[in-house]
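Have a look at the structure below, then the notes.
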Amino acid sequence: MSLNRLFFLSNSLKVGRRLIRPQIGQTRKEPLSHLQVQRSIKTNSRNLAYAKDLFLGKLNKDEVFPYPEITNEELEEINQFVVPVEKFFNEDVDSKRIDHEAKIPPETLNGLKELGLFGIQVPEDYGGLGLSNTMYARLGEIISLDGSIAVTLAAHQAIGLKGILIAGNEEQKAKYLPKLATGENVAAFCLTEPGSGSDAASIQTKATLTEDGTHYLLNGSKIWISNGGFADIMTVFARTEVVDKDGQKKDKISAFIVERAFGGITSGKPEDKLGIRGSNTCEVTFEDTKVPVENVIGEVGGGFKVAMNILNSGRFSMGSAGAGMIKKLIELTAEYACTRKQFNKKLSDFGMIQEKFATMALNAFVMESMAYLTAGMMDRPGLPDCSLEAAMVKVFSSDGGWVCVSEALQVLGGLGYTKNYPYERYLRDCRILLIFEGTNEILRMYIALTGMQYAGKVLTGKIKEMKSGNVGVAFEIMGNKLRQTLGRHQDLGLTGKDGVVHASLQDSAKQLEENVAFFSSTVEGLLYRFGKSIVDEQLILKRVADVLINMYAMTAVLSRSSRSISIGLRNHDHEVLLANTFCADAYFKNNLLMTQLQKNSPENNDANIKKIAQEVLEKRAYVCSHPLERTL
Amino acid sequence: MNSAHILLRGQCVRCLVPYVRTAVQQAVLFSGGLPHRPTLSSTCVQVHRAVHVSCRYNKNRTVPSAFKGNNEDAKKEKALVAHDDLFERAGKDAKSKATFNKVVDIFNHRDKRRRGHVEFIYAALKKMPEFGVERDITVYNKILDVFPKEVFVPRNYIQRMFYHYPRQQDCAVEVLEQMEGHGVMPNVETKVLLIQIFGEKSQPVRKYQRTTYWFPRFKHANPFPVPHQLPEDPVDLSRFSLARIANDRDAQVTVYQIPYTDLTETGEVIEEPHIVGIQSPDQQSLLAKHNPNRPVFVEGPYPLWLRKTCVYYYVLKADLVPPEEKVKEYIDPEMVGPEQSLYYPLWLDLDLQRDMGDDFSFKVENLEEGAVYAMCMAGQGDQATLARWISGLQETNPILGQIPTVFRLDSGPTELQDTMESQRPPGPDAEAEHGMESDRVTEEEHLGGQRVKQ
């Protein structure tokens, strides 16, 4: 328990430090000293970060090799959980009915509660299962078989009660977690407002302190709240007036635990959605809801960090969820492809159908590898900040999931399009993955900018010297560039004497190393060219993020399959095949993207793309005349 | 000489081609005139030549008359006047396309040889706008049809070289010029007529070709086209004009008052003018941030030309905020800084600027001007009317109640003043209650404005 708390403390401080960093030396002396105290606490924590260092051309192989493992006891434990859950989902969950009726039947919910799935990560002291991130990811694979249930559970525990779990004090935990863990109370996360998606500044819900100072009065409305219709406990973010050091009054965001029993809470009509129809999404309105002051999560005015921590921590599991879904789809479609005959040939004999299965297998393999690598990193003592990695897992798996479900549907052709088969439901359900928990576009920005900020801090001095005409630095960079263009062979220690990658994956490892080296010089070039104005170059940042995601995916598959060969897992040769295929593919994609990144916007088509969009948006319509129009 | 003969012959045969091609159309378009129907044979060419000679004779008779002497000139003028008369007489009852066509028909039937057709065409061109047919392609074709067919077609290379029948060609070019001026695109019928009248490579046909080459290319050159037919209703016209000036798709047009006539108890007729305003959300938020101690101004009238119509508009604007008064907006680093977005940093904490190589922006010197908060068009440009607009604006912009409003109205165009004089309501007593209220508000605002001025 106390260990858990320590984890949280160091984690939140880390994020806190990142938040405060820009202001250090300007106004806040106090947090700085505060921070240093905290730093001394976590002397043994590792400060290494894998993805960020890729921006500098460093490949911290210790971080990702060998592939994280769980102990035999843990494996046994998780298998104990997995079997009944799998049985429940196969036998007692009627996804078709849930989708049709847009409601999860109470008996299904009760079953989930009995299995303890409402408190997977709640510590055992509070009546939860107390599972690690890795084990949570494993359960996520099965839960994802029904989108509605997965989203309901995620809204409950990945974001709904997470605030209490990671930032709440002892009393709050003791009061709320036990009931939440058993599912007696359901949680919801209320952040989004009509006028504010990811824009914290435009949150309008207000919490005003009552005159006696014991309660806050909450006023405002929140939209798209999963579980909003029946949640008993809600994490609500609202503006509060805070008096800062200078005695000025400022509006800052605070997080509150709000019980439905506090009164003044009304839920709107459930939204009629494209997918995940069984999950409840609605508007929640607060009208003079009286919230006691002790229900503030963290400190007053510190809600922003809480929100960010919650959002950053929940994403990694989407990789395993996507993989679980695709694995199921492969089974379903393979059955069909191997029995259906066309032109006296089985469907599975056609190259284009085979390609679809290869795509699905590759995607499932990569998602799985990334998800468990990230979960393993998060489970390590010291808790390095894995939000970047988690975001990458989310982006890759949601994009890949959409493609794979579409391909699976395509295998069945017209049949897949009907409601007789579950494919259309999967297609609808998995579309939400690209949208919620931060849209993929926003996460790509997060991935690229976080890395750019990190690399920029390190490289600023060097770039400035180069700009001021330091010949030595310029020559050094020229030399690096020359070496790359000539040889393009970089040795970052993945193979060879101290190599961590198995010999059968040597080529792929070389490709990764080459990409990493190329990437670092590209990043340097970008920082030289754009400096801090790169924030506005979204098309460039998108490519940077894509390259990084590909490189992280390559790392994950290399690490995983090296381990599999080394310990002799069943079918490890297939893993090697998948890993090599994926790496070769990703290598080419990365090279293309980075070549584009080194060009100016008129050359890599970015300028044109922007211009097209501008002209269309100016007219707010398709611009061209109809091809049948005449002037003569 | 033999070779020259062959050449001549060849030319004649070539001359024939358009005739053969348009033989059918000739039959339709050209009822009188030519006494023969050419066919493809050498004898026919001979016959043709004979006719041609007679044509020349004709020309020799007419052309000098047009160019010689004052006396002759006066005669020509007289002829023009005569044609004008024809139109005047026809247009007495009704000036319409039908009457115009009738005049052309009368001319066509009056004289088989179509004497004085050039003068007639010039007169017709001049009269077209009067009859409202200046944008009608069928009328232009009808005018071109007045030319006698085939007589002006050059028969040999010498004629072709030396601008055959220049007056007629110039006249036809003038017709095409006028079409161009009014943006009328010649059609296939025009082409057929011109070829019949002047031959394949004559000046009018070349003019036709140039027009058809460039016209379609420039047809949509104006990104802000004005329709030929402007809305009749003043409210609709104001709506259109304001949207055109604002050029902002978010801008909201509000009709503050629709025009109506009212009869008071004393029997006086009151005509209330229309008031139509436009304001965009951006302007609204700008106005909300306006410092209430500084006045806003109602300025105008400013002209806006829509083809031949001129309309006037008024703006509600503020003076440029002096730099020392600019309120520095408080920026909360948590709200606007890197952490405004819950998901990604909005700016990077780096000490690096954009390199010159990737800076594709132009250096533009921006000159700041006072903000324009709203625009309106009204049937009358007097202060009372505009004050009604301001009070209408106040409903969506409550801050206007605190800001002094100063009217800086120019005397404006005379015709506007005239209408103002005649349509001005007799007094505030006769006005509706709402009007009275708004008047009072205006006065107060005006006073406030003066106070600030002092």
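Take the Cβ-Cβ distance between A:Ile567 and A:Ser601 as r, set R0 to 45 Å, and report the resulting FRET efficiency rounded to the nearest 0.05. All intermediate terms of the calculation are to be shown ahead of the outcome.
Working: r = 48 Å, r/R0 = 1.08.
Efficiency, from the Cβ-Cβ distance: 0.40.
Tell me whether segment A:72-182 comes out rounded, prolate or oblate; compute the Cα gyration tensor, take square roots of the eigenvalues as a ≥ b ≥ c, and use a/c under 1.5 as the rounded threshold. It would help to have the intermediate numbers written out before the result.
Details: a/c = 2.11, a/b = 1.33, b/c = 1.59.
Oblate, since a/c reaches 1.5 and b/c is not below a/b.
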For A:Glu114, placing the label point 7 angstrom along Cα-to-beta-carbon and taking segment A:86-107, residues whose amide nitrogen sits under 17 Å are A:86-94, A:105-107
Along segment A:431-447, Karplus-curve 3J(HN,Hα) (6.51, -1.76, 1.60; θ = phi - 60°) to the nearest Hz, with x for Gly and Pro, reads 5, 5, 4, 6, 10, 7, 6, x, 5, 4, 5, 5, 5, 4, 4, 4, 4
Equivalent-ellipsoid semi-axes of segment A:441-615, from the Cα gyration tensor, Å, largest first
32, 21, 14
Going through A:Lys52/A:Lys327; A:Lys467/A:Lys497; A:Lys619/B:Lys363; A:Lys252/B:Lys317; A:Lys179/A:Lys245; A:Lys457/B:Lys363 one by one, the pairs whose alpha carbons sit over 28 Å apart turn out to be A:Lys52/A:Lys327; A:Lys467/A:Lys497; A:Lys252/B:Lys317; A:Lys179/A:Lys245; A:Lys457/B:Lys363
Enumerate the amide H contacts of A:His215 below 5 Å, restricted to partners 5 or more residues apart or on another chain; note that Pro and chain-start residues carry no placed amide H.
A:Thr210, A:Val293
Per-residue HN-Hα couplings for segment A:340-347 [Karplus 6.51, -1.76, 1.60; θ = phi - 60°; Hz; x = Gly/Pro]
6, 10, 9, 6, 6, 10, 6, 4
According to a simple spin-label model (label point 7 Å from Cα along Cα-to-Cβ), what is the distance in nm between A:Thr439 and A:Glu171?
4.2 nm
Which lysines have a Cα less than 26 Å from the Cα of B:Lys308, not counting those fewer than 8 places away in the same chain?
B:Lys92, B:Lys95, B:Lys97, B:Lys126, B:Lys127, B:Lys219
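By its C-alpha gyration tensor, with a ≥ b ≥ c as the square roots of the eigenvalues, how is segment A:526-586 shaped: rounded for a/c under 1.5, else prolate for a/b larger than b/c, else oblate?
Details: a/c = 5.10, a/b = 3.57, b/c = 1.43.
It is prolate, given that a/c is not under 1.5 and a/b is the larger ratio.
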Can you pull the one-decimal nm distance between simple spin-label points at B:Arg135 and A:Thr214, each 7 Å off the Cα toward Cβ?
7.8 nm
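Can you tell me the relative contact order of chain A? Whole percent, Cα pairs under 8 Å, sequence separation 6 or more. Don't skip to the answer; put the middle values down first.
On the way: 971 pairs, mean separation 91.6, N = 632.
Averaging sequence separation for qualifying contacts and normalising by length gives 14 percent for chain A.
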Within segment A:563-632, which GluC sites (Glu not before Pro) sit in a loop by DSSP and count at most 15 neighbouring Cβ atoms inside 10 Å?
A:Glu603, A:Glu629
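For Cα pairs less than 8 Å apart in space and 6+ apart in sequence, what is the mean separation divided by the residue count of segment A:72-182, i.e. the relative contact order in percent?
Numbers: 97 pairs, mean separation 32.6, N = 111.
Computed over segment A:72-182, the figure is 29 percent.
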³J(HN,Hα) across segment A:348-359 via Karplus (A = 6.51, B = -1.76, C = 1.60, θ = phi - 60°), whole Hz, x for Gly/Pro?
6, 8, 7, x, 6, 6, 4, 4, 5, 5, 4, 4
GluC sites (Glu not before Pro), restricted to segment B:140-242: which are DSSP loop and have at most 16 other Cβ atoms within 10 Å?
B:Glu200, B:Glu232
Rank by packing, highest mean first: peptides B:103-109, B:123-129, with packing defined as the count of other Cβ atoms within 10 Å averaged across residues.
B:123-129, B:103-109
Along the Cα-to-C-beta direction of B:Arg244, a point sits 7 Å from the Cα; which residues of segment B:258-279 have their amide N less than 19 Å from that point?
B:274-279
For peptide A:526-534, the mean count of other chain Cβ atoms within 10 Å per residue Cβ is 6
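Which is the longest run of chain A containing none of the chymotrypsin sites (Phe, Trp or Tyr not before Pro) found in DSSP loop states (not H, G, I, E, B) with at most 16 other C-beta atoms within 10 Å?
A:351-621
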Amide H within-cut-off set for B:Leu409, under 5 Å, with H built and near neighbours excluded:
none
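Between B:Leu263 and B:Ala98, how high is the FRET efficiency from 1/(1 + (r/R0)^6) when r is the Cβ-Cβ distance and R₀ = 51 Å? Nearest 0.05.
Values: r = 40 Å, r/R0 = 0.79.
Calculated transfer efficiency: 0.80.
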Compute the distribution of all C-alpha to C-alpha distances in segment A:384-497, in bins of 5 Å from 0, and list the percent of pairs in each, rounded to whole numbers.
2, 10, 11, 10, 11, 12, 12, 10, 7, 6, 5, 3, 2, 0
Treat each spin label as a single point 7 Å out from the Cα along the C-beta direction, and report the A:Ala474 to B:Ile158 distance in nm.
7.8 nm
Given backbone amide H placed at 1.01 Å from N, residues whose amide H is under 5 Å from that of A:Val242, ignoring those fewer than 5 places away on the same chain, are A:Lys250, A:Asp251, A:Lys252
So if I take the centroid of the Cα atoms in segment A:490-548 and the same for segment A:583-614, what is the distance between those two points in Å?
16 Å
With a ≥ b ≥ c taken as the square roots of the eigenvalues of the C-alpha gyration tensor of chain A, please select rounded if a/c is under 1.5 and otherwise prolate if a/b is larger than b/c or oblate if it is not?
rounded
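If R₀ is 56 angstrom, what is the calculated FRET efficiency for the pair A:Glu101 and A:Val458, using the beta carbon separation as r and rounding to 0.05?
0.50
None of the figures in this text is laboratory data; all of them are computed from the coordinates on show. For clarity, every value in this text was computed on a predicted model and none was experimentally measured. Positions of Cβ are generated from backbone atoms using ideal geometry, with glycine treated the same way; all protein chains shown enter the neighbour counts.
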